[in-house]
Every structure is written in C-alpha cells, then in structure tokens.
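The values are calculated or read from the model by the stated rules, or taken from the named source; none is laboratory data. From a predicted model like this one, the values you see are computed outputs, not experimental measurements. Positions of Cβ are generated from backbone atoms using ideal geometry, with glycine treated the same way; all protein chains shown enter the neighbour counts.
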Amino acid sequence: MKQSVLRVLYRELRRIWLNPRYFIIMTLGIAFTFVFFSTITKEGQPKRLSVAVVDMDGSYLSRRICHEINATPGVKVAAVYNNHTEARKAMQRGDIFAFYEIPKGTYNDLLQFRSPHFVLYVNSAYMLAGTLSYKQLATMGMLATGAVQREVYRKKGYNDEQIMGLIQPIEYDTRNIGNPWINYGNYLMTTLIPAVIAFLVLMHTAYVIARERQEKTVKSWLRRAGNNTLYALIGKMIPYTVWYTLLCLLANLIMFGPMGFPLEGSWMLLVVSSILLIFAAQCAGCFIACAIPDPPLTMGISALYSAMSFSLSGFSFPVESMPRFFYSFSWLYPIRHYFRNFSDIAIYGNGFSICWPRLCALMAFGILLILGAYLLHWQQMREKRLSVQHVKTDVL
Amino acid sequence: MINTLRDIWTVFSIEVRRVFGDRMVLLIFFLAPILYPVIFCYLYHNENVENMAVAVVDESRSADSKRFIHKLDATPELTVAYRCSNLGEAHQLMNDHEVRSIFYFPKDFSSRLAEMRTARVIVFSDMSSFYFYKAALTGGNAVLIDEMHTIELQRYEQAGLTDEEAIIQMQPVVMENTTLFNPTGGYGSFFLPCLMILVLHQTIFLGICILTGDANENRKSLRLIPSHLRRKSIQRVTVGRALCYLLIYVPLCILDLWFIPRWFHLPQLGNLYTILIFCLPFLLAVIFFGMTVGNLVVRQKISPMLCFVFFSLMLFFVSGMVWPQESMPRFWYHFSYLFPSTPGVQGFVKIASMGAPLSEVRNDYMALWLQAAVYFSASTLILSAKLFLRRRKNIIIHNLRQRRQMYLEAQYKR
C-alpha cells in the first residue's frame, strides 16, 4: 500500500512541478482574499457614515442639532437640505444613509411646551450602513432629549442620580460574547477565510482529477497505484491536503495572533478542525469528480454545489431560521460543521466533549472518498469490458 | 453596410451553434441564472430571526421583573425558552446552543426601581451570527422603551403632575423612526437584489471564459473567425459574438430582475422599462469584460471555474452593499470600478429597492456605458493583436520551411 501511494504521490508532485500555474494562482488567490478582507475591514466598523439634516425650522436649535450629529463618532452631516424631496433624492442616489427631518416651528413648540416631532428616516436597503447610522442617530436623539429633561429637573432641585432614575428608569448592560467591540472584521474573516480555502481545495481536487480524464492519463495514473483506485486518490490528494492545511493554519495563526481576534478555547482543537475541514472538502471534491465522467461537467457541478456553501454555513443568516429542507441540506457542507465547531471553540471555549460530534461528521466525509474510489473502479472495469467487446467485434 | 450585417450574422450563427453545442455552457447560461435566484429567494424567505430562544435569570423575583419577562416573551423576535435559577445554568444552556441570549435581572432590580434609581438588566448575546445579536437587541429594546414609559408615567403621577404635563415632561421632543426601502430590515430584501445582478454577472462572465478557453484549448480560435475578417474588420467578430450573448441574456434579465422578485415579494419599486434600459449597458459591459479577460488569460476550458469562487465573493464585498463605498479604502474603491458588477449592483438596488428614476442613477449608468466602450475596444484590440502575432508566427514558420526546402534541394543537387 505504502509503495503505491508513494508512487502516485511522486507522480503528482512531478505534475505540479511541470505545470505549477494553478497551484500558484490558488495560493495567490488565498493570499489576495486574506489581504482584501483584512484591509477592507481594517476599521472594524464603517466610520463617518454620511447622513443629512432637513432643516425646515432654520432656528438656533436646529443648527445645534446639526452640530451634535456631527459630534457623534460614527456619522457626519454630509449636507443640510431645505425640503424632504431633496433629501429623498440624495438617499436614492446613495449619497446619504439616513436623515433627520426637523419640521417648521420646532423651536417655538419647544418654548411653548408642545412636544415637537422629529422624524428619522433610515435607508435600510444598505444593511450595515443603515443599521449603524440608525443606531448612532437614535442614541444621539435620546441623549438630546435627555439633556432637555435634565435641565428642567435640575431647576426643580433634583440631584443627578435622581434625575438619571427619572429619565432612564431601566438600562441594558450588554455583554457581547466572543466579539465585545462588534468588530466586523473579526466576524467576517474568521469564518470566510477557512470557507474560501475549503472551497478552493474542493475545486482544485475536482480539477486535478478532471484534468487526468481530459488528458486521458487516467490509466497511467491508476497503474502507478497498482490499479487500486483508493490508493490512487489518496496519493493524489496528499500534496493538496498538506499545502492547504498549512495555508489554513497560517491564516488562523495570523488572525488569532498578530491581528488579535479572541480565541477562547484550545488551539489544538482548532488545528484539528481545520485539518478535518480540508480533508472533508477534498473528499467531497473527489466524490464529485469520480462520479461524473465528463470533465467540464465535473467542474460545473462542483461549482454549483459549492456556490451555496457561504450561505449554508450559517454565519451570515442563521441556518436555523431557513426553511426546514435547507437546514438538513446544510449538513452536506463541511464548512457548516467547521463553523459550528469554530463558534464553540473560539467564542465559548468549549472542549472536545462538546465538539466531537462535528469532528465525527467531518470525518464521515471520508465515506465519500471510498465511494468515489469505488465509482472510479467501476467505471474503469466497465471501460475495460466495453473495450474488450469492441476488439472482439473488430475481429469478427 | 449589408456586408457588415452579413458578417455579423455569420459570426453570430457560429457562436449560437457553439453555445448550444456545449453542455457546460448551457448549464451555466440557462440553469444557473434560473436555479440560483429561486433557491436563494426560498432560502431567505424568512427575512429575520423569529422566536429566538432566550434564557432568563430572575434573581429579583419581583412583579416588575415578571412583567418585563412576559413582555419579552410576547415580542415576535424572542421566546423565553428557559427560566434559570442562576447565571451558571444559563451559560451552560448558551454553551449548548440551546439559547442565543441571556437576560439577567440582578437582585436589586426591583428595589432600585422603587428607590427611583436606574435599574439594570444585563444582556449576554451570542455573537457567532450578527442576526442573533440583532434579534436580541430589537426585541429587548422594544420592551425597554415600553417599560420605561410605564414606569415614568407612574413616577410623574407620584410627583403630582397631570397626565398631559407628564407626557410632555417625558418626551419634550418626540422621535419618530421611519425605515425606508426595507421596512423589516430583513436579510433577504437586502441581499437578494444584489445577488440577482451578481448571478447574471458571474454566469455571463464564466460562460464566455469557458467558450474562449474551449476555443484556445482546441486551437480552433482562428478557425472560428471567418477568413475574410481576420485582417481588417475584426470588430465585426466582437459585435457578432456579443449579440449572441445579449439575445440569450435579455429574457433571463427580465426573469431574474423583474419576475422572480415579484413572485417572492422582494422590494420592487422600479418599473420594467427603467430596469431594461439600465440592463442594456450592464449586459454589454459584462459581455465585453468577459471577452477581454477570456481573450487575455484563459487557456483551458475548465480552468475558469477554479478562480470563480473568491472572485464572486470579492465582487460582493467590493460592490459597496456590505461595506459602504465611502468607508472603503480608496484603493479598493477605485479597484471595484474595474468590474461591471459594482455600478450594476449599485444602480439596480437604487432602481429596484429604492425606486430611483434613471436620472438619479446617472453616475452608475454612465460608468456602465464607459466600461462597455473600454472593454469593447480592449477585447477587439487583444483579438487583433493575437491574430497578428499568430500570422507573424505562421510567416516565420513558413519562411523557415521554405529555407529548409531550399537547403535540402541544394543538398540534393550537390
């Protein structure tokens, strides 16, 4: 066994050496993805989002509100408009994400003890920008209202603690487990980078097998493994397993090391999950490539299959809230198991006792490898049979 | 003129035969743009997380906390699944993913309320998905505001204010919130319009790359061009091919950008006419972009699939829907305008989700036409440069052969 696997391994290394183009492209692709996400989410959250004020009052108060919005850390006042239509158009152009509308006569109302109405319009077609600007402006609004109330109570002779009790009888103290500063980069990169690597290793494995078929070198490949398809597949997979695992570990090392993303649990478990993720993705790729004899179709099907993996990993929108069928369907994706393990390890610091079912699930993808090997064997046998018949008819 | 049309027709018919003769291209051109939008629409049909399980730890055991918990349970976002006696138990539930959030009422919750001081509720939330956090926050905030009003009103009454005075005291300024264009704040309404454009972009791009790769791999890229077009008028080849893809994709565009969003009740404020007018430069830009990249780099039929993954992901993040364009580092902002998907996504979301007329998306529209023009000239230039090089190579080979022949003949004579 050892001999035949080694022979295939040697052959595969030679093939990579002779045509290293795709190997290099994939590695550069991963590096590019890493740099891309780390630079784009460098700030953690988008800062200084553009908002506007529709100032129909034109008073001392409305100008002060503008200043106060500008002083809020997350947003900046990009423009002040005179009417609603202009602001709406700016929003439709995508220039601003939210605006406050201060109606005419606000200052007078306030002086005469009539509550004026402020309206906050938020564009939530842009998810992140809309939510963040809403949060900032709503907080600002509450603080501004509170400031007016506080002035009144001070004059009535209450002390500061009593005033806080009157203005805000209950408050939330939020503890965000696993990402206390709500860093978007932390949230995105820790799952996306392994997902991209798993995705690429799947496609690459499918590609190298499809390439053998396309170049019609399957026979020489299998001959090296003594016609044992399982050994042939294992020998072929090893270089990619090793290389992509190293890349995955390196990415994790950078993210949880110098970039300072929190890791609650043990390193060892994370390493094991990463290795198993790569292995499972490769098995899936092998199975698809072995099951479908047509090389272009192999690539098409594996792309169709893996294009859903980001959605079904459940890190953007929870899988539990998806239709029942897709919840079960997501079990067919290695990244789903990895992601659940990852949240257990990195966020909760859970140990092996909680993680083992998912590790087993990832290992179960090995069945696909055996199945793929069997299918490949069956195809070869059938081809041989057909070719023999072909010769016979020729003779006849 | 008639010659031009005839040439375009020739190239067009060759290309149509190639598209329909290739199983993989058919899969990408026809199955993917229909299948994916439908699957994803179905996937994100529940726009938000509903009835998320939360645990409650009530150490205060008072009427106030009980009322608060009842209200939490009544929100559409949250369901109080467990009532724990201490925080450790609740954390255990959270570790087991039984609950996604914990509301903890400390012992002094009720007494602080009675003393007219600020009472605290501690909320622990799972950050593995931002949607858990969002659900906890939305549901929790609704209850908080409601409860605050009840308590404040009581206090003002105690302080001897009448109802009307009290309400004015409570809210010197009334804040109203209006969420535009995606009122539920759902993931589907945000993500799907963007996805439609990306699916169209990626399938066209991939299909064209595969066709070019196929031609390059089998060394028939020259044979596919009618011989009289090889020297001049190479632009007719580009136009003819583009026409083929365009005609295939116009119906798909109508289906993906108009009918499917209707069927799944996505926000759809734009009208069909605007969408179609906007689609024309988008499709042209994508087609010529695909042809440029295909002519430039693709050598194999199956290799474009390999790079397709991180490319799609990158296009989505660079399009400015997730991370706002103005907060992007300048480099990535300019980089994003290399791809037709960026103005395509921006423009389509503005038209479809926000109901902008064409005049409001002028910038994106012009960017698409500009891209179409640039990529058209680029693809034509690359094709003619390739033909030129090929021809020169052929001439050199021909000369060498002739020389060898002459040499051999000379040898023979001697």
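A search for C-beta distances below 6 Å between a residue of the stretch A:334-362 that is not in a helix (DSSP H, G or I) and any residue that is not aromatic (Phe, Trp, Tyr), counting only pairs 6+ apart in sequence or on different chains, returns A:GLY349/A:GLU264; A:GLY349/A:GLY265; A:ASN350/A:ASP344; A:ASN350/B:ASN95.
Applying a threshold of 7 Å to beta carbon distances and a minimum spacing of six or more residues, or different chains, the list of pairs starting in the stretch A:19-33 at a residue that is facing another protein chain (nearest Cβ under 8 Å) and ending at one that is in a loop (DSSP other than H, G, I, E, B) and among the polar types (S, T, N, Q) reads A:TYR22/B:SER303.
Within the stretch A:357-369, is there a residue that is at the interface with chain B (Cβ under 10 Å from one of its Cβ atoms) and either at positive phi or not charged (D, E, K, R) (or both)? No, the stretch A:357-369 contains no residue that is at the interface with chain B (Cβ under 10 Å from one of its Cβ atoms) and either at positive phi or not charged (D, E, K, R) (or both).
Condition check ((1) more than 21 Å from the chain's Cα centre (by Cα); (2) under 27 Å from B:LEU198 (Cα atoms); (3) not β-branched (Val, Ile, Thr)) across all residues:
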residue	(1), (2), (3)
A:ALA280	no, no, yes
A:ALA289	yes, yes, yes
A:ILE292	yes, no, no
A:THR298	yes, yes, no
A:ALA346	no, no, yes
A:CYS355	no, no, yes
A:ARG358	no, no, yes
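Among the criteria (1) within 36 Å of the chain's Cα centre (by Cα); (2) part of a loop (DSSP other than H, G, I, E, B), the one A:GLY58 does not fulfil is (1). Is there a residue being in contact with a Cys (Cβ under 7 Å, 6 or more places away or on another chain), outside the structural domain of A:GLY94 (by TED's automatic domain parsing) and either crowded, with 19+ Cβ neighbours inside 10 Å or free of Cβ contacts under 8 Å to residues at least 24 places away in the same chain (or both) anywhere in the stretch A:53-72? Checked against the condition, which is being in contact with a Cys (Cβ under 7 Å, 6 or more places away or on another chain), outside the structural domain of A:GLY94 (by TED's automatic domain parsing) and either crowded, with 19+ Cβ neighbours inside 10 Å or free of Cβ contacts under 8 Å to residues at least 24 places away in the same chain (or both), the stretch A:53-72 yields no hits at all.
Annotation note: Cβ proximity below 7 Å between a residue of the stretch A:184-210 that is in contact (Cβ under 8 Å) with a residue 12 or more places away in the chain and a residue that is aromatic (Phe, Trp, Tyr) and not in a helix (DSSP H, G or I) (sequence gap 6+ or interchain) occurs for A:ASN186/A:PHE261; A:THR190/A:PHE261; A:THR191/A:PHE315.
Selection of the stretch A:84-124 for residues being of a type in the set (Gly, Ala, Ser) and over 30 Å from the mean Cα position of the chain (by Cα) yields A:ALA87, A:ALA90, A:GLY105, A:SER115.
Can you tell me which of A:ASN70, A:ASN108 is away from every other protein chain (no Cβ under 11 Å), in contact with a strand residue (DSSP E or B) (Cβ under 7 Å, 6 or more places away or on another chain) and in a helix (DSSP H, G or I)?
On the way: A:ASN108 fails: in contact with a strand residue (DSSP E or B) (Cβ under 7 Å, 6 or more places away or on another chain).
From the options A:ASN70, A:ASN108, the qualifying one is A:ASN70.
Scanning the stretch A:111-140 for residues that are more than 17 Å from B:PRO183 (Cα to Cα) and either touching a Ser or Thr at 6+ places or on another chain (Cβ under 8 Å) or more than 7 Å from every other protein chain (Cβ to nearest Cβ) (or both) yields A:LEU111, A:GLN112, A:ARG114, A:PRO116, A:PHE118, A:GLN136, A:LEU137, A:THR139, A:MET140. Residue count for the stretch A:154-167 under the criterion of being buried (at least 17 other Cβ atoms within 10 Å of the Cβ) and facing chain B (nearest Cβ under 9 Å): the result is 4.
The single residue among B:ILE287, B:ILE254, B:ILE302 that is part of a loop (DSSP other than H, G, I, E, B), assigned by TED's automatic domain parsing to the domain that holds B:SER13 and in contact with a helix residue (DSSP H, G or I) (Cβ under 9 Å, 6 or more places away or on another chain) turns out to be B:ILE302. From the list B:PRO343, B:PRO267, the lone residue that is in a helix (DSSP H, G or I) and either touching a Gly at 6+ places or on another chain (Cβ under 8 Å) or in the same structural domain as B:GLU360 (by TED's automatic domain parsing) (or both) is B:PRO343.
Within the span defined as the stretch B:374-395, every residue fails to be in the same structural domain as B:LEU192 (by TED's automatic domain parsing) and within 22 Å of the chain's Cα centre (by Cα). Considering each residue of the stretch A:206-220 in turn, at least one proves to be over 26 Å from the mean Cα position of the chain (by Cα) and at positive phi.
Taking the stretch B:260-281 as the range and being touching a Cys at 6+ places or on another chain (Cβ under 7 Å) and aromatic (Phe, Trp, Tyr) as the test, only B:PHE264 passes.
When B:ALA352, B:ALA356, B:ALA378 are checked against the criterion of being aliphatic (A, V, I, L, M), surrounded by 13 or more Cβ atoms within 10 Å (Cβ to Cβ) and modelled with pLDDT under 85, B:ALA356 stands alone in meeting it. Just name the residue that is nearest to the other protein chains (Cβ to nearest Cβ) out of those in the stretch A:1-18 that are of a type outside the set (Val, Ile, Thr) and surrounded by 14 or more Cβ atoms within 10 Å (Cβ to Cβ). Applying the filter and picking the extreme gives A:ARG15. Output the residue which, of all residues in the stretch B:97-116 that are over 48 Å from the mean Cα position of the chain (by Cα) and at pLDDT below 85, is surrounded by the most Cβ atoms within 10 Å (Cβ to Cβ). Among those residues, the one meeting the criterion is B:MET116.
Being crowded, with 16+ Cβ neighbours inside 10 Å and farther than 30 Å from B:TYR36 by Cα is a description that applies to A:ASN350. On the stretch given as the stretch B:282-310, residues that are surrounded by fewer than 24 Cβ atoms within 10 Å (Cβ to Cβ) and among the aromatic types (Phe, Trp, Tyr) total 2.
Would you confirm whether or not the stretch B:124-132 contains a residue that is assigned to a helix (DSSP H, G or I) and more than 8 Å from every other protein chain (Cβ to nearest Cβ)?
We begin by selecting, within the stretch B:124-132, every residue assigned to a helix (DSSP H, G or I); these are B:130-132.
Filter once more, keeping what is more than 8 Å from every other protein chain (Cβ to nearest Cβ): none.
No, there is no match, as no residue in the stretch B:124-132 is assigned to a helix (DSSP H, G or I) and more than 8 Å from every other protein chain (Cβ to nearest Cβ).
Among the residues that make up the stretch A:288-308, is at least one of them more than 14 Å from every other protein chain (Cβ to nearest Cβ) and on the phi > 0 side of the Ramachandran plot? Taking every residue of the stretch A:288-308 in turn, none turns out to be more than 14 Å from every other protein chain (Cβ to nearest Cβ) and on the phi > 0 side of the Ramachandran plot. Scanning the stretch A:207-262 for residues that are of a type in the set (S, T, N, Q) and either buried (at least 21 other Cβ atoms within 10 Å of the Cβ) or not assigned by TED's automatic domain parsing to the domain that holds A:SER387 (or both) yields A:THR229, A:ASN252.
Checked against (1) within 10 Å of chain B (Cβ to nearest Cβ); (2) farther than 18 Å from A:THR241 by Cβ, A:VAL51 meets all criteria but (1).
Among the residues of the stretch A:359-375, those identified as surrounded by fewer than 20 Cβ atoms within 10 Å (Cβ to Cβ) and more than 17 Å from A:CYS290 (Cβ to Cβ) are A:LEU359, A:CYS360, A:ALA361, A:MET363, A:ALA364.
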